[in-house]
Amino acid sequence: MLQSRLFSHTQKEAPKDDPSVNARLLVRGGFVDKLMAGVWSYMPLGWRVLTRINHVIREEMEAIGGVELHMPALHPREIWDATDRWKVEEMYKLKDRSGRDIGLGWTHEEIITHIALSHISSYRDLPQYVFQIQDKFRDEPRAKSGVIRGREFSMKDLYSFHRNQEDLDVFYEKAKHAYRRIFERVGLTAYCVEASGGAFTKEFSHEFQVLSDAGEDVIVYCSSCDFARNQEVATDLKECPHCHTTLQTSKSIEVGNIFKLGTKFSDILGLAYQDEAGEKCSVVMGSYGIGPGRLMGTIVEVHNDSRGIVWPVEVAPFKVHIIPLSEKGEDRARLLYQELEKKGVAVLLDDRKERTAGERFSDADLIGIPWRVVVSDKTLAEEKIEVKKRNETDATLMDAASFLKLVC
RNA sequence: CGGAGAGUAGUAUACCGGCAGUACACCUGCUUUGGGAGCAGGUAGACCGGGUUCGAUUCCCGGCUCUCCGACCA
């Protein structure tokens, strides 16, 4: 893509109305734009990142059998009355022109269970795993920390339907591993943390937490094994119950959570199936969430330096950023740009007119694309291009063919 | 929802009870071209409502918005 087509501009100064690291860098780089507290637009650059994150999530959900669907955000009151959750304060409530009560979706257990009523009736229909990536609306008392805690935010929610608890338990472990892979692929070290199971179960649920001062949670975790627990449910726990190492404490960002719903929703809403013997049984459910927008904010919180964002390759908006520094350089840069596009490499060409080298470099550092290629009279004199990785300080001169081999 | 702070141009800021200034960005021209370059010219601004006052962006009151701390957070 041509940088002149990006729509957004970079900013030298961060707006003072949001001091979090992710907001400062994402706004300055032109990735996002704040409309009101907790409500963000994703500009072309930011949307590309979100799309890449969603791609990783889709792959991993599909790898464990998940099938994507899409549910509405506009919900009739009746469906929430059934579970007595219309009273939940986080739900945005409005009336349509006929005076009917409408809620904006802040989660979809009720909706998916309602849908399942007409599609699941036999043991032959089970198990099922469906997910969506969709915007949720929550009337948070206080939005904060840039894109990390919003009032409208994207969420991947997967719901699983099972014959019995054992089947849920097996899938739950699979989902846990899929989550681990997702966070690893997007460049995050996430602890799988034991947390309150809430009203639905006596068991722990699991949250995926990334250590960061920008987080709102506090976890205790073990530095020698993978034990971790939310401080809310870790009262007086001083040493690891597995290996007796002294536990560490840290603030952290909750980037995902999974929990076993059991038969709570199916019992209330009457979701049952008949088994081989014709016996009616409650469907056992699980629910699995990840916030892709929050993930993006968390990646920025973790991967940045004094110059800007340092995107992990898997979620970077582009893989290569080409910067020409002269007219001749621009001609050569365009050729390289075309070669890379032809090979399917996501590439951004700084085609902006009359920019100084310093300005281009600063913007490149801010935007944080993994590979930076400079084409100038200096490099052309040696028939080379200059290649530098965003997370390294030294640049290398090489010929274009070697670079193509490196990134394709 | 409790407590605190802040609202001046696209962004960051200054001053002031009496013509609102600067930097960056943006536009024009010239120069410059390996780390936000220079010169000249230009476009663009006081959150809303009320009060005090000859006069309010400035002082007072109310509202709205944003941020922070707390509460909340399937």
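Can you tell me the relative contact order of chain A? Whole percent, Cα pairs under 8 Å, sequence separation 6 or more. Rounded, it is 16 percent for chain A.
Between 0 and 90 degrees, rounded to the nearest ten: what's the tilt of helix A:165-185 against the longest Cα principal axis of chain A? Here the helix axis deviates by roughly 10 degrees.
Normalised by residue count, region A:122-181 yields a Cα convex hull volume of 128 Å³ per residue.
Distant-in-sequence amide contacts of A:GLU68, defined by a placed amide H-H separation under 5 Å and a gap of 5 or more residues or a different chain, comprise A:PHE131.
Which value at 222 nm does chain A reach when only helices count, each DSSP H run of 4 or more adding -39,500 (n - 2.57), with the total divided by all residues and rounded to the nearest 500 deg cm²/dmol? Numbers along the way, then the final one.
Details: 11 runs with 120 residues, N = 408.
Roughly -9000 deg cm²/dmol at 222 nm, from the helical runs in chain A.
Among A:242-250, A:187-195, how do they line up from the highest to the lowest mean number of other beta-carbon atoms within 10 Å? Intermediate results must be reported in sequence, preceding the final value.
Values: A:242-250: 13.1, A:187-195: 20.7.
Top to bottom by mean Cβ count within 10 Å: A:187-195, A:242-250.
Between the C-alpha center of region A:109-132 and that of region A:174-238 there is a gap of 28 Å. Computed from backbone phi with θ = phi - 60° and the Karplus coefficients 6.51, -1.76 and 1.60, the 3J(HN,Hα) list for region A:79-90 is 5, 8, 5, 4, 9, 6, 10, 4, 6, 4, 5, 5 Hz; x is used for glycine and proline. Straight-distance candidates among the lysines for linking to A:LYS378, with alpha-carbon spacing under 22 Å and chain neighbours fewer than 8 residues away dropped: A:LYS328, A:LYS353, A:LYS388, A:LYS389. Working from label points 7 Å from Cα in the Cα-to-Cβ sense, the A:ASP81 to A:MET36 distance is 2.8 nm. Extending 7 Å from the Cα toward the beta-carbon at both A:TYR92 and A:SER121 defines two label points whose distance is 3.7 nm. Annotation: aspartates and glutamates with alpha-carbon distance below 19 angstrom to A:LYS280 (same-chain offsets under eight excluded): A:ASP125, A:GLU166, A:ASP167, A:ASP267. Listed values for region A:103-112 are Karplus-derived 3J(HN,Hα) couplings in whole Hz (6.51 cos²θ - 1.76 cosθ + 1.60, θ = phi - 60°), namely x, 8, x, 10, 6, 10, 4, 4, 5, 5, and x replaces Gly and Pro. The trypsin sites (Lys or Arg not before Pro) of region A:289-372 that meet both conditions, a loop assignment by DSSP and at most 10 other Cβ atoms within 10 Å of the site Cβ, are A:LYS353.
Taking only C-alpha pairs under 8 Å that are 6+ residues apart, what is the relative contact order of region A:226-343 in percent?
Details: 82 pairs, mean separation 17.9, N = 118.
Here the relative contact order equals 15 percent.
Our estimate of slack between A:GLU327 and A:GLU392, defined as 0.36 nm per intervening residue step minus the Cα-Cα distance, is 20.7 nm.
Distance from the Cα centre of region A:1-64 to that of region A:277-347, in angstrom? Their Cα centres are 11 Å away from one another.
The ranking of A:CYS225, A:CYS240 by Cβ neighbour count inside 10 Å, starting from the fewest, reads A:CYS225, A:CYS240. The phi-based Karplus calculation (6.51 cos²θ - 1.76 cosθ + 1.60; θ = phi - 60°) puts the 3J(HN,Hα) values of region A:133-144 at 10, 7, 7, 9, 10, 9, 7, 5, x, 8, 6, 6 Hz, whole numbers, x for Gly and Pro.
Lys and Arg at +1, Asp and Glu at -1: add these up for the other residues within a Cβ distance under 9 Å of A:ILE369 and post the number.
Values: positive: A:LYS319, A:ARG372, A:ARG390; negative: none.
With Lys, Arg at +1 and Asp, Glu at -1, the net is +3.
Cβ crowding within 10 Å, taken as a proxy for footprinting-reagent exposure, orders A:PHE318, A:PHE204 from fewest neighbours to most as A:PHE204, A:PHE318.
Our summary of shape: the Cα atoms of chain A have principal axis extents of 81, 62, 45 Å, ordered from largest down, in whole angstrom.
Note: relative contact order over region A:21-179, using C-alpha pairs below 8 Å and six or more positions apart, is 27 percent. Between the helical axis of A:357-367 and the longest alpha-carbon principal axis of chain A there is an angle of about 10 degrees.
Taking the average, over residues, of other Cβ atoms within 10 Å as the packing measure, peptides A:270-279, A:104-113, A:148-157 rank A:148-157, A:104-113, A:270-279 from highest down. The slack between A:ALA401 and A:CYS225, meaning 0.36 nm per residue of separation minus the straight C-alpha distance, is 58.9 nm. Counted by Cβ distance under 9 Å from A:ILE290, the other residues give a net charge of +1, where Lys and Arg count +1 and Asp and Glu count -1.
Where a number appears in this text, it was derived from the coordinates with a stated rule and is not lab data. Computed from a predicted structure; not experimentally measured. Quick reminder, even Gly has a Cβ in these numbers, built from the backbone with ideal geometry, and neighbours come from all protein chains shown.
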